[in-house]
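Have a look at this one before I ask anything.
Readers should treat all values here as calculations from the given coordinates under stated rules, not as data from a laboratory. What you see is a predicted model; the values in this text were computed from it and never measured. Virtual Cβ from ideal backbone geometry, glycine too; neighbours counted across all protein chains shown.
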Amino acid sequence: MRDLIHELIPHAPHMGLYVAPNIPADKLRHALQDYAPSMQPDEVVALFDATLMGSAKDGAVFASDRFIFQNNDLESPQEVRYQDIVRVDEKRGFLKGSKILLEVNRGRATFDLKLDASGKPKALEFLSRFLHEAMLAPAEPAPAPPNARTAAGSDLHAVRQALDTLRAQGLLAETDYHRLLDTLR
């Protein structure tokens, strides 16, 4: 997902878009303190500063497995895993602003969320395209720590890399891939 973020979200400060390692420390600190305290600074791959004054106290932070956003201080922050996104739409309006409409599935409930990009409407197309592609991407397994081994002595990292290679070559079905990863866990 990190590669997808770097590919689809440009580092464009004039649009409020910042991509690691070029995220200003003060903006990152404000975002994490204000609406994303559950995220660690080293997890953040990109930041969207939706504020007009550039404080980054509203907007979104993107990690490799999820993103957290807040439109304003009157709304609760929203944490969304990419694999839970069901639909992504753009809504551009002159008076009502520019928003990304998200349909999110959590368990048995599906609900709608809006990421407001009215303060920086030029960022809308990049964020929308990334979220759409992230929604379609297969969920990434948590990386095995280097040198992690099973009780029988297998190198988990090497096994996971081999499974990824087989899946990429089309030699391992998606369902079998996930079943094998579950077995490794």
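So for the pair GLN161, LEU101, with labels modelled 7 Å out along Cα→Cβ, what separation do we get in nm?
It is 4.5 nm.
Would you calculate a helix-derived [θ] at 222 nm for the chain, using -39,500 (n - 2.57) for each DSSP H run of n ≥ 4 and dividing by the full residue count, to the nearest 500?
Numbers: 5 runs with 54 residues, N = 185.
The helix contribution divided over the chain gives -9000 deg cm²/dmol.
Also: Got the relative contact order for the chain handy, in percent, Cα pairs under 8 Å and 6 or more residues apart?
Details: 305 pairs, mean separation 28.4, N = 185.
So the answer I get is 15 percent.
Also, I was wondering about something else. So, R0 is 25 Å and r is the distance between the beta-carbons of SER55 and SER76; what FRET efficiency does that work out to, to 0.05?
Details: r = 19 Å, r/R0 = 0.75.
It comes to 0.85.
Using R₀ = 25 Å, calculate the FRET efficiency as 1/(1 + (r/R₀)^6) where r is the Cβ-Cβ separation of THR175 and ARG2; round to 0.05. Provide the component values of the computation, followed by the final result.
Numbers: r = 25 Å, r/R0 = 1.00.
Here the calculated transfer efficiency is 0.50.
With each pseudo-label sitting 7 Å past Cα toward Cβ, what's the ASP65-HIS11 distance in nm, one decimal?
2.7
Starting from the Cα of ALA137, step 7 Å along the direction of its Cβ; do the same at LYS91; then give the gap between the two resulting points in nm.
Here the modelled spin labels are 2.7 nm apart.
For a quick check: sort THR165, THR51, THR175 by the number of other beta carbons within 10 angstrom, fewest at the front.
Result, fewest neighbours first: THR175, THR165, THR51.
Which lysines have a Cα less than 20 Å from the Cα of LYS99, not counting those fewer than 8 places away in the same chain?
List returned: LYS57, LYS91, LYS114, LYS120, LYS122.
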